[in-house]
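Worksheet: one structure, shown below.
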Amino acid sequence: MLTPRKELNCVPDYVPGKSIDEIKEKYNLGRVIKLASNENPLGPSPMAMAAYKKCTQKLHLYPRGSAPELAKKLAAKWKVKEENLIIGNGSDEILDLAARAYLNKGDLALGADSTFSVYSSVTRFAGAKYKALPLKNFCYPLEVLKSAKIIFICNPNNPTGTYYSSKKIFDFLKKVPENILVVLDMAYWEFTGKGEPPLNKWIKLFPNLLCTRTFSKLYGLASLRVGYAIASGQIISALKKIKPPFNTNYPAQMAAAAALDDTAFVEETLQMNAAERDDLTFALEVLGFEVLPSGANFVCVKIGKFAKEFVEHLESKGVVVRHLKSFGMPEWVRITVGTPKENAVLLKAILAKNK
């Protein structure tokens, strides 16, 4: 009998947010609003769409694995050398590369118990052990992270939206021995509105730091799967040795490169998210829900023991949110911040349940 690697027995199936088509079919609905996967409600960057359409004449050609146009722009954005960058098929792939490159069988990786599940999955794929430490006041347990081969930090944290300041992260990095790889996942950082940390200086001071970013959230390119990481040349070189040669397709590379220039779209997204996040938080609190302070493009809301029924009710009304049972928070839901119209539909559906 053919059997897969035994490590797969320790890895639970990934639970994605439900799709629009899935809910339409289940409830026979004509229109569904998806607020479950932290996608950009404004859609993709217009400049990215235009660049994508221009690539159709080259679809028969293999892409350049180094994604030179995108790498050049990212290097200029962050004031680093291209050797300090790796581009992946989403930041998920880079997390997997890091685990495969640095974890040996039996090694230990640390993270939080209510955070992005890919950290534990890639650790176990590598044959290593993952220890999930409990959140403290819904924040990452920085002060109790101990010796391990890899430390995964999601900042802001998914799904709570809580985050630490750049100074807090910097102070933590100063305490970590150089033989421990710190993977700092900053997929949602732009939404904090706190300004970017000087990553070009950080990777020089901390050669054990790997910072991952994504085009899936702010730039609205989740479908294209483009992420990247910034780190010392030594770390990037190790990851590139196991990176598939054509891991990011050419249209995705060019769309992401164009998205970096679409400052108007970025600003519109950030302004709308900040305003709607505040309004949505206020409205939910008025309705009696506990809402965690968020620095991301979503809010984490405590519903109570009937959270599953709450989610199913919203789905029946054409609104999809994320039940956080798979994150170890069965009484909570995560709601992506939508447009004003989408948030109004959400609140109307909640009010209908409360009547």
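The values are calculated or read from the model by the stated rules, or taken from the named source; none is laboratory data. What you see is a predicted model, and the numbers here were worked out from it, not measured in a lab. Reconstructed Cβ throughout: ideal geometry from the backbone, glycine too, with neighbour counts over all protein chains shown. Just the protein is used for accessible areas: all its heavy atoms, side chains included, with ligands, DNA and RNA removed. Shrake-Rupley method; radii C 1.70, N 1.55, O 1.52, S 1.80 Å.
Residue check: is K305 assigned to a loop (DSSP other than H, G, I, E, B), surrounded by fewer than 14 Cβ atoms within 10 Å (Cβ to Cβ) and more than 18 Å from the chain's Cα centre (by Cα)?
On the way: assigned to a loop (DSSP other than H, G, I, E, B): yes; surrounded by fewer than 14 Cβ atoms within 10 Å (Cβ to Cβ): yes; more than 18 Å from the chain's Cα centre (by Cα): yes.
In short, yes.
L284 meets the conditions (1) assigned to a helix (DSSP H, G or I); (2) open to solvent by 10 Å² or more (accessible area, probe 1.4 Å); (3) over 20 Å from P46 (Cβ atoms); (4) hydrophobic (A, V, I, L, M, F, W, C) in every case but one. The failed one is (2).
Step by step: first the residues of the range 10-24, then only those that are in a helix (DSSP H, G or I) and of a type outside the set (D, E, K, R), then the one that is most open to solvent (accessible area, probe 1.4 Å). Which residue is that? That would be C10.
Please verify whether K24 is basic (K, R) and over 20 Å from the mean Cα position of the chain (by Cα), treating the condition exactly as stated. Spelling it out, K24 is indeed basic (K, R) and over 20 Å from the mean Cα position of the chain (by Cα). Scanning the range 220-237 for residues that are open to solvent by less than 20 Å² (accessible area, probe 1.4 Å) and out of contact with any strand residue (DSSP E or B) (no Cβ under 6 Å at 6 or more places or on another chain) yields G220, L221, V226, S232.
Looking only at the range 322-355, which residues are aromatic (F, W, Y) and touching a strand residue (DSSP E or B) at 6+ places or on another chain (Cβ under 6 Å)?
Taking the range 322-355 and keeping what is aromatic (F, W, Y), we get 327, 332.
If the condition is that a residue be aromatic (F, W, Y) and touching a strand residue (DSSP E or B) at 6+ places or on another chain (Cβ under 6 Å), then W332 is the only one that fits.
If you go through the range 127-175 and pick out every residue that is of a type in the set (G, A, S) and over 19 Å from the mean Cα position of the chain (by Cα), you end up with 4.
Within the range 135-153, restricting attention to residues that are in contact with a helix residue (DSSP H, G or I) (Cβ under 9 Å, 6 or more places away or on another chain) and surrounded by fewer than 20 Cβ atoms within 10 Å (Cβ to Cβ), the residue that is nearest to L110 (Cα to Cα) is L142. For the range 25-63, the set of residues classified as exposed (fewer than 15 other Cβ atoms within 10 Å of the Cβ) and among the charged types (D, E, K, R) consists of E25, K26, R31, K53, K54, K58, listed by residue number. Within this structure, A257 fails the test of being free of Cβ contacts under 8 Å to residues at least 60 places away in the same chain and small (G, A, S). Quick one: in the range 308-346, of everything that is out of contact with any Leu (no Cβ under 9 Å at 6 or more places or on another chain) and of a type in the set (A, V, I, L, M, F, W, C), which residue is surrounded by the fewest Cβ atoms within 10 Å (Cβ to Cβ)? Only one residue tops the list, namely A344.
Scan the range 40-53 residue by residue and report those that are within 16 Å of L260 (Cβ to Cβ) and either over 24 Å from the mean Cα position of the chain (by Cα) or part of a helix (DSSP H, G or I) (or both). Break it down stepwise before answering.
As a first pass, look at the range 40-53 and keep what is within 16 Å of L260 (Cβ to Cβ): 40, 44-52.
Correct list: P46, M47, A48, M49, A50, A51, Y52.
Conditions (1) open to solvent by less than 20 Å² (accessible area, probe 1.4 Å); (2) out of contact with any strand residue (DSSP E or B) (no Cβ under 6 Å at 6 or more places or on another chain); (3) among the aliphatic types (A, V, I, L, M), marked per residue:
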| position | (1), (2), (3) |
| --- | --- |
| I169 | yes, yes, yes |
| N179 | no, yes, no |
| T192 | yes, yes, no |
| P198 | no, yes, no |
| L209 | yes, no, yes |
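Scanning the range 112-134 for residues that are open to solvent by less than 10 Å² (accessible area, probe 1.4 Å), among the aliphatic types (A, V, I, L, M) and within 20 Å of A296 (Cβ to Cβ) yields a total of 1. With respect to the conditions (1) within 25 Å of S120 (Cα to Cα); (2) within 22 Å of the chain's Cα centre (by Cα); (3) surrounded by fewer than 19 Cβ atoms within 10 Å (Cβ to Cβ), E7 falls short on a single one, namely (2).
Touching a Lys or Arg at 6+ places or on another chain (Cβ under 9 Å), buried (at least 16 other Cβ atoms within 10 Å of the Cβ) and assigned to a loop (DSSP other than H, G, I, E, B) - does that describe any residue in the range 96-104? Checked the range 96-104: at least one residue is touching a Lys or Arg at 6+ places or on another chain (Cβ under 9 Å), buried (at least 16 other Cβ atoms within 10 Å of the Cβ) and assigned to a loop (DSSP other than H, G, I, E, B).
Figure legend. Inter-residue proximity from the range 162-184: first residues among the acidic types (D, E), second residues surrounded by 12 or more Cβ atoms within 10 Å (Cβ to Cβ), beta-carbon distance below 6 Å, spacing 6+ or different chains. Indicated pairs: E178/N208.
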